[in-house]
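Below you'll find the structure, written out as structure tokens, and then a few comments.
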Amino acid sequence: METVREELGPTIDFAIECHSGYDVRDVIELAKALEHVKPMWLEDPVPPENPEAMARVTHAVDVPI
């Protein structure tokens, strides 16, 4: 993702689609690793039908979900 940020520059936004393919622990680790490239958001990091998991992720990271 560093390459994406470098190519886009600091003013162009980009989002990362996760396709609901992560568990809470893994997506928190992923989001923390990506915070420095400042993505606009992570989309569907956990299954959307699991609001408790979504809330745990949202509260644990500085990347918008």
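Quick notes on this one:
- When residues of region 50-65 are limited to those that are more than 28 Å from THR11 (Cβ to Cβ) and aliphatic (A, V, I, L, M), the one least open to solvent (accessible area, probe 1.4 Å): ALA53
- Among the residues of region 27-49, those that are farther than 21 Å from GLU6 by Cβ and open to solvent by 60 Å² or more (accessible area, probe 1.4 Å) comprise GLU29, GLU43, PRO48, GLU49.
- The helices (runs of 4 or more DSSP H) falling completely within the chain include none with 2 or more residues that are modelled with pLDDT under 95 and of a type in the set (Lys, Arg).
The values are calculated or read from the model by the stated rules, or taken from the named source; none is laboratory data. All of these numbers come straight from a predicted model, not from anything done at the bench. With ideal geometry, Cβ positions are generated from the backbone for all residues, glycine too; neighbour counts draw on all protein chains shown. Side chains are part of the model used for accessible areas, which takes the heavy atoms of the whole protein and leaves out ligands, DNA and RNA. Shrake-Rupley method; radii C 1.70, N 1.55, O 1.52, S 1.80 Å.
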